[in-house]
Amino acid sequence: MRTSPVKTWLVRCLLGGLVLSTPALAQDDDDPYAYPDEEPARSSEEEEDSYERRRKNVDETDDFRRVSEQEGEDGDFKALSGLDDPNLGVAVEFITGALLVDGTRGNFADTRMGLGVRATWEYGRILDSEPLREALWADLRWTYGSLSEGTRFITGDTRLHYFTIAPAYELKLGKSDFGFFAQAGGGIAYQATSLTVGEDVTKVNGIKPLLQYGVGFRGRPRLTSSGNLRLAFRLEALAFRRGYMNDFFLGGSLGTAF
């Protein structure tokens with residue numbers, strides 16, 4: 001048989017092919033495949049920077065929480081409730097209406113015209129409470145009325161000046177600029193009386209403590225869409241208690257607020 005020569009020839013062919021074949025070498029640009037879940041390795045400096053950033057964010061969050069919990073006790077926390085309404089909460093109004101002076105002759109009252117002026121300050125804005133910002137306010141008010149009666153020979157003239165300071169609480173109608181209010185305060189009533197008999201004039205002046213209280217309706221609509229100027233008006237029913245006498249005022253006021 002010729003099996004041995006055939007095997008020898010095949011071995012020689014295989015050895016010759018291996019010698020002549022080009023070796024397969026890895027190229028420089030054949031980088032290992034990066035899988036999506038794998039992250040590139042970080043150096044020690046990058047890891048330290050990342051740690052510092054995370055620690056700084058945590059510290060800033062803790063500082064903000066601590067300042068918020070202090071609620072301004074140390075003066076670091078500033079309330080921002082007034083940013084959406086930068087009004088000062090101050091108004092000036094002119095007053096007119098009917099002044100019902102307690103009658104001295106047994107009648108109910110002597111009705112005269114009452115005039116005056118007042119300045120209003122919404123002191124609720126300093127309390128840092130949104131429900132009380134426009135609900136609490138106070139008036140500094142002057143109201144004037146006069147009486148004159150008698151004959152050609154005897155005449156009596158009386159001038160009444162009411163000076164009052166009265167805080168109030170207003171019940172707003174939703175989020176509108178209108179509301180109902182109740183008010184109570186005090187002050188003094190200055191009365192100047194002159195009695196004329198013929199050509200002789202006798203003057204009598206006096207001051208009495210005064211109690212003011214009443215209810216009313218108040219409005220402060222905006223005059224412009226962009227500015228802070230407002231129209232201020234009121235309708236009110238007030239009582240002035242001076243000594244043993246009760247005077248009443250029924251009227252209103254008109255002015256500006258800013």
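The values are calculated or read from the model by the stated rules, or taken from the named source; none is laboratory data. Everything numeric in this text was worked out from a predicted model, so none of it was measured. Glycine gets a Cβ as well: all are built from the backbone with ideal geometry, and neighbour counts include every protein chain shown. The accessibility values were calculated without ligands, DNA or RNA, using every heavy atom of the protein model including side chains. Shrake-Rupley method; radii C 1.70, N 1.55, O 1.52, S 1.80 Å.
Just one of the listed residues (234, 220) is over 23 Å from residue 113 (Cα atoms) and open to solvent by less than 10 Å² (accessible area, probe 1.4 Å), and it is 220. Based on this model, can you work out whether residue 241 counts as outside any loop (DSSP other than H, G, I, E, B), of a type in the set (Lys, Arg), surrounded by 15 or more Cβ atoms within 10 Å (Cβ to Cβ) and touching a Lys or Arg at 6+ places or on another chain (Cβ under 8 Å)? So residue 241 does not fit the description; no. Taking the stretch 123-156, which residues are hydroxyl-bearing (Ser, Thr, Tyr) and within 30 Å of residue 99 (Cβ to Cβ)? Result: 123, 143, 144, 146, 148, 151, 155. The set of residues in the stretch 217-238 being part of a loop (DSSP other than H, G, I, E, B) and among the aliphatic types (A, V, I, L, M) consists of 223, 229. The residues of the stretch 148-182 that are of a type in the set (Asp, Glu) and in contact with a Ser or Thr (Cβ under 9 Å, 6 or more places away or on another chain), listed by number, are 149, 157. Selection of the stretch 146-163 for residues being closer than 20 Å to residue 92 by Cα and without any contact (Cβ under 8 Å) to a residue 60 or more places away in the chain yields 161, 163. Just so you know, in the stretch 168-183 the residues that are surrounded by fewer than 15 Cβ atoms within 10 Å (Cβ to Cβ) and not aromatic (Phe, Trp, Tyr) include one that is modelled with the lowest pLDDT, and it is 175.
Scanning the stretch 190-210 for residues that are surrounded by 12 or more Cβ atoms within 10 Å (Cβ to Cβ) and either over 19 Å from residue 118 (Cα atoms) or in contact with a Ser or Thr (Cβ under 9 Å, 6 or more places away or on another chain) (or both) yields 191, 192, 193, 194, 195, 196, 197, 207, 208, 210.
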